[in-house]
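Colleague: This is the structure, below, for whatever I ask next.
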Amino acid sequence: MSFLPGLTEEAQVPDIYIDVNEVHTQILPMGTLWKIKVPSESKMSIKILTGIAEIFGTELANNIEYNFQNWNFTVYAVEEVYLEWKGTDPHPAVEGEDIIPNDSAKNIYNLHFALEKMRNSTFDGPKVMIIGNKRAGKTALCRTLCSYTIKFKSYQPMFINLNPQESIFSPPGCLSATPISDILDVQLPIWGQSMTSGATALHSKQPLLKLFGLEMIPENRELYMATVKMLAEDVSERLQRDALIQRSGCIINTPPLSQLDDTLKELVEIIHDFKVNLVIMIADESNDDDMAQFERVSQVIKPFVGDFLLRLPRLTGVIESDDTYERSQQRNAIREYFYGNSHTALSPFSVSIDYEDLVLWEPMNLLDPGSNEVSNTSIDKLELRQVQITPSVIQHALICITFADKHAKANDVSKSSILGFALVTEVNEKRRKVRILIPVPGNFPNCATLLTSYRYLE
């Protein structure tokens, strides 16, 4: 019987027998990073016993257990750290990059102190924009700068997210502006919870949202830039009314340069709309492509910002991810909007409405094969199209509820503010009924809705 596979091999304990309560210890020398990947099917908890540790600029309290799931992050040891961790994955650290020196810390500190100097010298704070390629560390840098800004002084920087694929304080598909008034939640990749989350352990944030609705900027560049301009107008109004935010300044996260036009005209428009006075580009000096791109960007935007275009090397703690990971982050953001998370449980409400009571519009997707004729004509690309309700079109779709009346014209709907979001869970063609999940109990609002490109299957 020895020819049967496995009989002559040593017995190995499968992963299902791993003790998730087994406590592991880890020592992080001062100035090092611990790069960690926690997949969606795994969980991990960390407790700092001694020393000072940070996650994207937010300090971890000692002897408090922090829980993580479906997130790639780094723990930075400001001084030597002794910690305990446990989880379902016996090897959570990034393979080959377990503990590495944080070569980016000095650059980030210098940038933070430069921004502090700008805040102290004028009542109109810095408006810094972070640009770079995909997975260069733009969002991580923005989060760290926001955390450092509120760490020692009572500032409230306005964080502006112009990447519709990033789910920060909102479901995906939105552009947002959020005053950071208190500590960020280190356990959440979406930075924290908004005021729609109910009672929260930390101070909830109140984002200002504008819906783009599509996944990729090239799907409708005109609509994207129009959405950016509307958000910039609202941000300008907020800064004029709030002296503290005005002095704290703005930290602007941008989409990858590959999604913007080749002439960088859109980048120049963003600089103009938000009155940007400092641009930070993440580019490695050792990477020829990065440096060539930096030179091209410099030629285009230096006439608008002068010498306030700086290059920052790629962040040491960046963890390579793929599109699957980004999709999972978007799904998590949608799920947390309706159901909350392990710390704050929410109870959404399901309603059933007739086809006739659901007025649904959608933005034009110019990369859709059915829109080729539209993209080559003089038809207004900002115009919304009314959606014919069928299961194949709206099943499991995330929809945006606007303040506009359901009988309003398309132009009024596109300019309307966002009331909230809903999720289509079932479409019954025989009964002509649609079952929709909404965050709060009650009837479905008598408002027009917008169909997004994002789907969530429970």
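Colleague: Inside the stretch 87-110, can you point out the residues that are at pLDDT 90 or above and surrounded by fewer than 15 Cβ atoms within 10 Å (Cβ to Cβ)?
Modeller: Selection gives Pro101, Asp103, Lys106, Tyr109, Asn110.
Colleague: Among the residues of the stretch 37-48 satisfying the criterion of being within 20 Å of the chain's Cα centre (by Cα) and in a loop (DSSP other than H, G, I, E, B), which is surrounded by the fewest Cβ atoms within 10 Å (Cβ to Cβ)?
Modeller: Ser40
Colleague: Among the candidates Leu398, Leu384, Leu423, which residue alone is out of contact with any Asp or Glu (no Cβ under 6 Å at 6 or more places or on another chain), under 12 Å from Trp361 (Cβ atoms) and surrounded by 18 or more Cβ atoms within 10 Å (Cβ to Cβ)?
Modeller: Just one listed residue meets the conditions, Leu384.
Colleague: Tally time: how many residues in the stretch 71-86 are open to solvent by less than 50 Å² (accessible area, probe 1.4 Å) and hydroxyl-bearing (Ser, Thr, Tyr)?
Modeller: Within the stretch 71-86, residues that are open to solvent by less than 50 Å² (accessible area, probe 1.4 Å) and hydroxyl-bearing (Ser, Thr, Tyr) number 2.
Colleague: Scan (1) modelled with pLDDT of 95 or more; (2) more than 24 Å from Leu184 (Cα to Cα) for the single condition Glu9 breaks and write down its number.
Modeller: (1)
Colleague: Considering only the stretch 21-32, state which residues are assigned to a strand (DSSP E or B), aliphatic (A, V, I, L, M) and open to solvent by 10 Å² or more (accessible area, probe 1.4 Å).
Modeller: Ile27
Colleague: Are any residues in the stretch 49-82 β-branched (Val, Ile, Thr), over 23 Å from Thr149 (Cα atoms) and in a strand (DSSP E or B), and if so, which ones? So that I can check it myself, show each step before the final result.
Modeller: Of the stretch 49-82, the ones β-branched (Val, Ile, Thr) are 50, 52, 55, 58, 64, 74-75, 78, 81.
Within this subset, residues satisfying the condition of being over 23 Å from Thr149 (Cα atoms) are 50, 64, 81.
Across the stretch 49-82, the qualifying residues are Thr50, Val81.
Colleague: Still on this structure, I have one more. What's the total number of residues in the stretch 233-283 that are in contact with a Cys (Cβ under 8 Å, 6 or more places away or on another chain) and either open to solvent by 70 Å² or more (accessible area, probe 1.4 Å) or among the small types (Gly, Ala, Ser) (or both)?
Modeller: Selection size over the stretch 233-283: 0.
Colleague: Can you find, within the stretch 274-316, the residue that is nearest to Asp262 (Cα to Cα) among those that are outside any strand (DSSP E or B) and in contact with a Phe, Trp or Tyr (Cβ under 7 Å, 6 or more places away or on another chain)?
Modeller: Ala283
Colleague: Sticking with this one: Just to check your reading of the model, which residue among Phe56, Phe123, Phe113, Phe68 is surrounded by fewer than 19 Cβ atoms within 10 Å (Cβ to Cβ), in contact (Cβ under 8 Å) with a residue 40 or more places away in the chain and of a type in the set (Phe, Trp, Tyr)?
Modeller: Selected residue: Phe123, the only one of Phe56, Phe123, Phe113, Phe68 that is surrounded by fewer than 19 Cβ atoms within 10 Å (Cβ to Cβ), in contact (Cβ under 8 Å) with a residue 40 or more places away in the chain and of a type in the set (Phe, Trp, Tyr).
Colleague: What about Leu310, is it open to solvent by 20 Å² or more (accessible area, probe 1.4 Å) and either of a type in the set (Asp, Glu) or assigned by the TED database to the domain that holds Met216 (or both)?
Modeller: Here the answer is yes, as Leu310 does meet what is asked.
Colleague: Continuing with the same structure: Output the helices (runs of 4 or more DSSP H) that fall wholly within the stretch 341-458 and possess 2 or more residues being of a type outside the set (Lys, Arg) and modelled with pLDDT of 90 or more, or say none.
Modeller: 391-394, 410-415
The values are calculated or read from the model by the stated rules, or taken from the named source; none is laboratory data. Computed from a predicted model, the values in this text were never measured in an experiment. Neighbour counts run over all protein chains shown; Cβ positions are idealised from the backbone, glycine included. For the accessible areas, the whole protein counts, side chains as well, though only heavy atoms, and no ligand, DNA or RNA atoms are used. Shrake-Rupley method; radii C 1.70, N 1.55, O 1.52, S 1.80 Å.
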